[in-house]
Amino acid sequence: MKIGIYPGSFDPITKGHIDIIERAARVVDKLVIGVLDNSEKKPLFSAEERVELIKESLKHVPNVEVEAFHGLTVDFAKNHNAKILVRGLRAVTDFEYELQIAQINHKIAGELDTIFFTTSVEYSYLSSSVVKEIAKYGRDISDFVPGIVAEALSKKLEK
Ligand code: ADP
């Protein structure tokens, strides 16, 4: 069984992430989405909330599991017996950072290889932080995130 992991902050999940997940789930037998629980990043949504939003947004993809994790991605991969690490690439600016991470991960866990999916053009400008910024000023974000995430964002920002 070919198992892949897709780690990230997903604060919150966007249609850009979902596009990568749908495509990666066609390549592996099981894709485990790892929600990085890193308090230093001061996320808007708790890890539990992010996991729930991802689960709700991906009901149509059967071979996906979602779990929060902390610590090293390579250990998360090992715990799931995953040999494939999925990441998304938007622009050249992502590339340098992602290349370094992929190389260091391969160095410390030789059995783990990173596979990159290039973003679909309609999502190339999309990031969780951009979505949060637009939502903060009350603009419509339904083009960028699933309905359930848009609702959760406006509730969160009301507080
Ligand atoms: P991280 O904090 O680990 O970068 P993110 O949630 O921001 O976590 O992103 C997780 C992964 O998804 C990264 O590989 C990132 O490049 C990718 N990604 C984010 N937004 C998009 C998008 N719009 N299109 C394609 N890939 C994306």
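The values are calculated or read from the model by the stated rules, or taken from the named source; none is laboratory data. This structure is a prediction, so every number in the text was calculated from the model and none was measured. Don't worry about glycine lacking a Cβ; one is built from the backbone with ideal geometry, like all the others, and counts go over all protein chains shown. Heavy atoms of the whole protein, side chains included, go into the accessibility calculation; ligands, DNA and RNA do not. Shrake-Rupley method; radii C 1.70, N 1.55, O 1.52, S 1.80 Å.
Annotation: amide H of Asp37 within the under-5 Å range of Phe69, His70, sequence separation 5 or more or interchain, hydrogens built in the peptide plane. Karplus-derived 3J(HN,Hα) values for the range 57-67, using 6.51 cos²θ - 1.76 cosθ + 1.60 with θ = phi - 60°, are 7, 10, 4, 7, 10, x, 9, 10, 10, 10, 8 Hz; glycine and proline are entered as x. Computed about its Cα centre, the charge dipole of the chain is approximately 20 debye, with only Lys, Arg, Asp and Glu carrying charge at their Cβ.
Classify the range 43-91: rounded, prolate or oblate, from the alpha-carbon gyration tensor (a ≥ b ≥ c, eigenvalue square roots; a/c under 1.5 rounded; otherwise prolate if a/b is larger than b/c)? Rounded, because the longest to shortest axis ratio a/c is under 1.5.
Backbone geometry of the range 86-97 corresponds, through the Karplus equation with coefficients 6.51, -1.76 and 1.60 at θ = phi - 60°, to 3J(HN,Hα) couplings of 9, 9, x, 10, 9, 10, 4, 4, 5, 4, 4, 5 Hz, x marking Gly and Pro. Looking at Ala25, Val66, Leu36, which one has the Cα that reaches farthest to the positive end of the dipole of the range 17-103 (charges on Cβ: Lys, Arg +1; Asp, Glu -1)? After comparing all options, I get Ala25. With 13 Å as the cut-off, how large is the P(r) tail for the range 118-159, expressed as percent of Cα-Cα pairs? Counting pairs separated by more than 13 Å, the tail of P(r) holds 53 percent. Per residue, the convex hull spanned by the Cα atoms of the chain measures out at 109 cubic angstrom.
Amide H to amide H, with H built 1.01 Å from N, Ile115 comes under 5 Å of Leu85, Val86, Arg87, counting only residues 5 or more places away or on other chains.
Rolling a 1.4 Å probe over the heavy atoms of the protein chains gives the chain an accessible area of 57 Å² per residue.
The distance linking the range 1-68 with the range 105-124 is 14 Å (Cα centroid to Cα centroid, whole angstrom). Between Glu65 and Leu31, Val32, Ile33, the built amide H atoms are under 5 Å apart, and every one of these is 5 or more places off in sequence or on another chain. Once the Cβ-Cβ distance of Glu65 and Ile148 is raised to the sixth power relative to R0 = 30 Å, the FRET efficiency obtained is 0.95. Per-residue Karplus couplings for the range 137-145, computed as 6.51 cos²θ - 1.76 cosθ + 1.60 with θ equal to phi - 60°, are listed in order as 9, x, 7, 5, 10, 5, 6, 9, 9 Hz, Gly and Pro entered as x. The portion of the accessible surface of the chain made up by carbon and sulfur, rounded to a whole percent, is 52 (1.4 Å probe; DNA, RNA and ligands excluded).
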